[in-house]
Amino acid sequence: LEATGLAAQVFANTILATAAAALTWSFAEWIWRGTPTMLGAASGAIAGLVAITPACGWVGPMGSIVIGLAAGIGCLLGVTKLKSALGYDDSLDVFGVHCIGGILGALLTAVFCNPALGGTGVYDYVANAVAEYSTSAQFISQLWGVGVTIVWSGAVSVVGYAIVNATI
């Protein structure tokens, strides 16, 4: 609840990633389908918002743009190619946009959090300074977080389905 440099960074990163994803989705749709659509631009914007959420306070402006670009393409492929390849029913493209965008954002946070790439690094509260940064170590941590989230979400979904199936 402060108007600090961090708040400005989060605000700028959110706007940049959203714009980059909306533009990327629109241009890719234009190339692949012959015309961009407003639904595509809106889906791209949401994909950018989803992808930058885990990273917005940790990456620099260029990192947020790259995350938005990756989300625009990655989520478009998730919505168009992955859905048809796996044959699942997702009328609102929730999986293709939110799951794929969230995974991309979480993993790319590890890359662009690196101070050498304009990120903030990880603060060591014991030493009261920014800690030495290891992209590979952070990527593995992010990968663990993504994996646990996927397993947890899947397990809760199966339990929820079983309860609904048994009662209704």
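A count restricted to segment 1-28 and to residues that are within 23 Å of Lys81 (Cβ to Cβ) and either open to solvent by 60 Å² or more (accessible area, probe 1.4 Å) or not in a helix (DSSP H, G or I) (or both) stands at 2.
Cβ-Cβ distances below 8 Å connect the following pairs, each with a first residue in segment 39-51 that is touching a residue at least 40 places away in the same chain (Cβ under 8 Å), a second residue that is assigned to a helix (DSSP H, G or I) and of a type in the set (Phe, Trp, Tyr), and a separation of six or more residues or different chains: Ser43/Trp25; Ala47/Trp25.
On inspection, Ile31 fails the criterion of being open to solvent by 60 Å² or more (accessible area, probe 1.4 Å), closer than 20 Å to Val146 by Cβ and at pLDDT 95 or above.
Within segment 111-168, the set of residues being exposed (fewer than 10 other Cβ atoms within 10 Å of the Cβ) and touching a Gly at 6+ places or on another chain (Cβ under 8 Å) is empty.
Could you tell me which residue of segment 132-168 is farthest from the chain's Cα centre (by Cα), considering only residues that are assigned to a loop (DSSP other than H, G, I, E, B) and more than 16 Å from Gly57 (Cβ to Cβ)?
Our first condition is that a residue be assigned to a loop (DSSP other than H, G, I, E, B); within segment 132-168, this holds for 132-134, 168.
Still in the running and more than 16 Å from Gly57 (Cβ to Cβ): 132, 134, 168.
Details: Glu132: 25, Ser134: 21, Ile168: 35 Å.
Within segment 132-168, the match that is farthest from the chain's Cα centre (by Cα) is Ile168.
Looking at the structure I just gave you, is Ser43 closer than 25 Å to Tyr133 by Cβ, modelled with pLDDT of 95 or more and polar (S, T, N, Q)? It is false that Ser43 is closer than 25 Å to Tyr133 by Cβ, modelled with pLDDT of 95 or more and polar (S, T, N, Q). Within segment 40-49, the set of residues being within 12 Å of the chain's Cα centre (by Cα) and buried (at least 24 other Cβ atoms within 10 Å of the Cβ) comprises Gly44, Ala47, Gly48.
Of the residues screened, Ser91 is not one that is open to solvent by 30 Å² or more (accessible area, probe 1.4 Å), farther than 30 Å from Ser136 by Cβ and part of a helix (DSSP H, G or I). Contact map, segment 145-167: first residue under 22 Å from Pro54 (Cα atoms) and of a type outside the set (S, T, N, Q), second residue part of a helix (DSSP H, G or I) and open to solvent by 90 Å² or more (accessible area, probe 1.4 Å), Cβ cut-off under 9 Å, separation 6 or more or different chains; the map is empty. The condition (being out of contact with any strand residue (DSSP E or B) (no Cβ under 8 Å at 6 or more places or on another chain), small (Gly, Ala, Ser) and not in a helix (DSSP H, G or I)) is satisfied by just one residue among Ala55, Ala51, Ala70, Ala42: Ala55.
Only one of these is surrounded by fewer than 14 Cβ atoms within 10 Å (Cβ to Cβ) and within 21 Å of Val151 (Cβ to Cβ): Leu86, Leu104. Name it.
On the way: Leu104 fails: surrounded by fewer than 14 Cβ atoms within 10 Å (Cβ to Cβ).
Unique residue meeting the criteria: Leu86.
The values are calculated or read from the model by the stated rules, or taken from the named source; none is laboratory data. The shown structure was predicted, so the numbers you read here are calculated from the model rather than taken from an experiment. Every residue, glycine as well, gets a Cβ built from its backbone with ideal geometry; the counts of neighbours run over all protein chains shown. Ligands, DNA and RNA are stripped out before the accessible areas are found, and what is left, the full protein with its side chains, is counted by its heavy atoms. Shrake-Rupley method; radii C 1.70, N 1.55, O 1.52, S 1.80 Å.
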